[in-house]
Amino acid sequence: MYKVLITDAHHRKVLAAIRSLGNKNIEIIAASNKRVYSSRMSKYCDSFIEYPDPAKKPKEFIKFMTKYTSENKIDLLMPMDDITVELFSQNLDSFKDVKIPIPDYNTFMKARDKSITIKKAIETNIPAPKTHFINNLNEVETLKNEIEYPIVIKPRISSGSRGITYINSKEELIEKYNLVHQEFPFPMLQEFIPQTGRKFQVLLLIDKNKNILASTVQELLRQFPVGGGPGTLWKTIESKELEDLSIKLIKSLDWYGIACVEFITDPRTGEPKLMEINPRFWGTLNLSLKVGVNFPELLIKMEMGEEIKPVINKHFEEYCQWLLPGDFLNFIFNKDRFNQEINYFFNKPKKFHYAIFSKDDPLPVLGAVLSYIVDLFNKEKLKNIFNRGK
């Protein structure tokens, strides 16, 4: 039996991961800096621990995790979000006795830093929005009279559309660029792709020999915030074109482990364009599991040296919804709420799944509701939710 510790357990993707490992002869320990969350109430969660906030106390976090994994003989540690993956990639030498299936720090930053990702895409002839890479603030002053509007201010390092700002004229560019720059230094200026374009995720698992061990392609049908953010309704699709582009890019980065490559179709040309790589597990993980592509289990087997037969999704037009609060908020703020092909609450397609609700494992719904109530009193959390992609 493997003993696996999964971090960032307050995220819904961790609930999906824990459920995917249930009945797999794996002892599962959920870990978070929060106390109230859905996955700790899953019947598949064997135990849970609380650690120092990795964003606010990174040194204390690493010290705690080093001690805990050693004393409790953890076989594999699975970091699930940007900050924890980054911290572990910087400190891999401190975890000699535990497997951590992530790339080294330099490789990780090729995907974490969106400017590096876009430059690599340009080098490898992968379509991407026209991008201006800013190295000093004087360049913005020069560019304001040369670029086409609208344009997007896009942080080099962020997640969940945080910091992304849309600019409609040169008069507002300097002020808003400086505001974003204060929190996200030297963001890029990127061509605006109309948000009516279709949005896709290519989900991959790749080993150190550049073999693709798992793959799924999804289309995001709804998000919150409505203009761009975490997916609230999505479906599996077939797209060899997007799969091939993603594999080409990932291999050029010498990547290892999990990756989520995101594209948007430019509605003006029909061409898919790279938006970013998420170098960690994605919030829409549950649907891959429902169609039989068990990324967490395959990742563990890969890291532990077990033989793996590649799993490429062949189940298309299956749907998944993150109803509360995600798709409910989309319903409230979406001006086209009554013109949706897939109804928010009724007449669901036959092959339809939910991100949190499960008849087999119902208690996490209660944990999710309690965590949402706690978040209502967290001003920082509410700001992060509603200030994405403005």
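The values are calculated or read from the model by the stated rules, or taken from the named source; none is laboratory data. Quantities reported herein were computed from a predicted structural model and do not represent experimental measurements. Note that each Cβ is placed from the backbone with ideal geometry, even for glycine, and that neighbours are counted across all protein chains shown.
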Worksheet item: When you look at SER215, is it surrounded by fewer than 21 Cβ atoms within 10 Å (Cβ to Cβ), assigned by TED's automatic domain parsing to the domain that holds ARG280 and of a type outside the set (Phe, Trp, Tyr), yes or no?
Response: yes
Practice prompt. Sort out which residues of the range 278-297 are under 15 Å from ILE6 (Cα atoms) and either part of a helix (DSSP H, G or I) or in the same structural domain as ARG12 (by TED's automatic domain parsing) (or both), and write them in order of number.
Written response: LEU285, PHE295, PRO296, GLU297
Worksheet item: Of these, ILE167, ILE237, ILE151, ILE250, which one is of a type in the set (Val, Ile, Thr) and in contact (Cβ under 8 Å) with a residue 60 or more places away in the chain?
Response: ILE237
Practice prompt. Determine whether the range 192-210 contains at least one residue that is closer than 17 Å to ASP244 by Cβ and surrounded by fewer than 20 Cβ atoms within 10 Å (Cβ to Cβ).
Written response: yes
Discussion item. Out of the residues in the range 238-274 meeting the condition of being in a helix (DSSP H, G or I) and hydrophobic (A, V, I, L, M, F, W, C), tell me which one is nearest to the chain's Cα centre (by Cα).
Written reply: ILE250
Practice prompt. Look at the range 255-276 and say how many of its residues are buried (at least 22 other Cβ atoms within 10 Å of the Cβ) and either small (Gly, Ala, Ser) or in contact with a Cys (Cβ under 9 Å, 6 or more places away or on another chain) (or both).
Written response: 2
Worksheet item: Which ones in the range 224-235 are modelled with pLDDT of 95 or more, in contact with a Ser or Thr (Cβ under 7 Å, 6 or more places away or on another chain) and surrounded by fewer than 24 Cβ atoms within 10 Å (Cβ to Cβ)?
Response: none
Response to the item:
Note: among LEU204, LEU179, just one is aliphatic (A, V, I, L, M) and in contact with a strand residue (DSSP E or B) (Cβ under 7 Å, 6 or more places away or on another chain), namely LEU204
